[in-house]
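Worksheet: one structure, shown below.
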Amino acid sequence: MTAPDKILSQQSRRAFLGRSSLGLGAIALDSLLGAGENARNGVGGLTELPHFAPKARRVIYLFQSGGPAQMDLFDYKPQLGKRFGQEVPKSVYPDARKTTMTSGQKSFPVAPSILEFKRHGRSGTWLSDALKHMPKVIDDVCLVKSMYTEAINHDPAATLFQTGSVNPGRPSMGSWMSYGLGSENANLPAFVALTSNGRAKAGQPLYDRLWGAGFLPGRFQGVKFRGQGNPILDLYNPAGVSRVQRRRMLNALSKLNSEQAERFNDPVISTRIAQYELAFRMQMSVPELIDVKSEPRKTLDLYGPDVTKVGRYAYNCLLARRLAERGVRFIQLYHRGWDAHGNAPKQVRGQCNDTDQPTTALLLDLKQRGMLDDTLVVWGGEFGRTIYCQGKLTKQNYGRDHHPNCFTYWLAGAGVRGGMSYGETDDYSVNVADKPVHVHDLQATIMHQMGIDHERLTYRHQGRDYRLTDVHGKVVKAILS
């Protein structure tokens, strides 16, 4: 065991106090405060993981921040054309489930999608004409049309999807993966977060806690690659500082930090040592990683014209593939701009112009490299949108408010059954009519494909064993091969 690993295995001062007490009081206090981390294997994961043979080695999660409108993309409701402008019955959509942005409206008229739908693939899946490229891969995709959540506002809804709780402070899904499974590449983080903005709209804020470690040790948090300038601050050595000099400085700093860690048993110091070492290794690996222009012209053309523009969704999709093939365990893309309260048709088309080709290219690229078989790709936002119009309704324009009762996610690769749709919504696309899938069910399913029993991967904090799925969640086995 190396010196940093030895330090990382030490317990905090509180745990030390628990050990130093005597008798039953010591046992009780040790149970209350937690017994530190479990034994870890050669790649930094827990020795007991995976719990069973995984189908996926990695996850790429394409989070569409703002809430894509399910009825404008995947949830085809042709009969609603005859109900244009009619009031949505309160028996279908009660006032209690409306946000304050629309609850004061005098009218809640039906706003059918004006986008055209067609069947595609061997599966005959209905897709909106805003998705011009997705038909190429639709037979590799499983649409889950019956997703639902309790959260109706952006921040708690996004926090629930990322951390399993609407309350800030819990570890993100990627942190749980990093904590449980470790990394396949010592020169890159196990968990990377990427962000991009839709050109149609700036979108909702994305807080660092969405890829944070919560109460897990800090070294398991996601590393954010910035969308402008250097991808990681202070990644490159200052002018006049050589790599040899940087190594000497880190050796001296590590010695000082190690002395402090041994003196105080503070896990924060241990995390700092580990992160400095990772940053040093990343100085060699990251410059080559982010040089997407080294890709063949054919690959760049596949992702579209924005692929070499740092910070764009297309660039991040290609970067996600490059991270995946280099052993990064969990890759999280956040794309903002789906919050279509007004002018929804134009906004949905604008978002699809930014995302449809790169998303399709990612699946095609993974598939042609043989990586889709062990890469789980997940697409979706924090909730859906209302079938009633927010604001003024016309034949060519409408707005849509937040809607948590039903919306669509899709998954592809790594043992997911492609070319199928799971679950149904009612005639208005307001409520789940068949096979509901909760946020925690989705999280349990993702973890299952990574070889993790979501009920068994826990961490003791403040006297309680926590897990990503809280006290809920079941694996959606019907969508798995």
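Report, in degrees rounded to the nearest 10, the 0 to 90 angle that the Cα long axis of helix 439-449 makes with the longest principal axis of the chain.
Long axis of 439-449 versus the principal axis of the chain: about 60 degrees.
Can you tell me the length gained on complete extension of the stretch Glu424 to Ala239, counting 0.36 nm per residue apart and subtracting the Cα distance?
Values: separation 185, 0.36 × 185 = 66.60 nm, distance 5.93 nm.
Roughly 60.7 nm would be gained on extension.
Per 10 Å bin from zero, what fraction in whole % of the C-alpha pairs of the chain is there, up to the bin with the longest pair?
4, 19, 29, 24, 14, 7, 2, 0
Report, in cubic angstrom per residue, the convex hull volume of the C-alpha atoms of the range 314-358.
Working: hull volume 2.7 nm³, N = 45.
Looking at the range 314-358, the number lands at 60 Å³ per residue.
Return the subset of Lys77/Lys132; Lys136/Lys201; Lys118/Lys395; Lys77/Lys293; Lys224/Lys255 for which the Cα-Cα distance in this structure is over 31 Å, preserving the input order. Spell out each step's value before the answer.
On the way: Lys77/Lys132 19 Å; Lys136/Lys201 27 Å; Lys118/Lys395 20 Å; Lys77/Lys293 42 Å; Lys224/Lys255 27 Å.
Pairs exceeding the cut-off: Lys77/Lys293.
As an exercise, identify the trypsin sites (Lys or Arg not before Pro) in the range 200-271 lying in DSSP coil whose Cβ has no more than 16 other Cβ atoms within 10 Å.
Numbers: sites: Lys201, Arg209, Arg219, Lys224, Arg226, Arg243, Arg246, Arg247, Arg248, Lys255, Arg263; in loops: Lys201, Arg226.
Of the trypsin sites (Lys or Arg not before Pro), the ones in loops of the range 200-271 whose Cβ has at most 16 other Cβ atoms within 10 Å are Arg226.
Taking Cα atoms, how many degrees apart are the long axis of helix 23-33 and the longest axis of the chain, rounded to 10 and kept between 0 and 90?
Computed tilt is about 40 degrees.
For the pair Asn185/Lys367, report the inter-label distance in nm, with labels modelled 7 Å from Cα in the Cβ direction.
Modelled inter-label distance: 2.4 nm.
What does the C-alpha gyration tensor say about the overall shape of the range 147-227? Classify as rounded when a/c is under 1.5, otherwise prolate if a/b is larger than b/c, or oblate.
Numbers: a/c = 2.35, a/b = 1.32, b/c = 1.77.
Verdict is oblate for the range 147-227.
Return the FRET efficiency for the residue pair Lys435, Lys309: r is the Cβ-Cβ distance, R0 is 51 Å, and the value is rounded to the nearest 0.05.
Details: r = 40 Å, r/R0 = 0.78.
For R0 = 51 Å, the calculated efficiency reads 0.80.
I need two numbers for the range 286-330: Rg to one decimal and Dmax as a whole number, Cα atoms only, in Å.
Spelled out, the Cα radius of gyration and Dmax of the range 286-330 are 9.9, 28 Å.
Quick check: pseudo-label points 7 Å beyond the Cα along Cα→Cβ at Glu150 and Ser285, how many nm apart are they?
About 3.9 nm, to one decimal.
Of Gly182, Ala193, Ser146, whose Cα points farthest to the positive end of the dipole of the range 115-220 (charges on the beta-carbon: +1 Lys, Arg; -1 Asp, Glu; origin at the Cα centre)?
Among Gly182, Ala193, Ser146, the one farthest towards the positive end of the dipole of the range 115-220 is Ser146.
How many nm separate the modelled label positions at Arg263 and Ile114, each set 7 Å beyond the Cα in the direction of the Cβ?
So the label points at Arg263 and Ile114 sit 7.0 nm apart.
Quick one: check the C-alpha center-to-center distance for the range 67-122 versus the range 440-481, whole angstrom.
Cα centroid to Cα centroid, the span is 32 Å.
If eta is 1.306 mPa s and T is 10 °C, what Stokes-Einstein diffusion coefficient results for the range 44-202, Kirkwood Rh from Cα pairs, in µm²/s?
After rounding, the answer is 81 µm²/s.
All of the numbers you see were taken from the coordinates with simple rules; none came from a lab. Only a predicted model underlies this, so the values are computations on that prediction, with no experimental measurement involved. Positions of Cβ are generated from backbone atoms using ideal geometry, with glycine treated the same way; all protein chains shown enter the neighbour counts.
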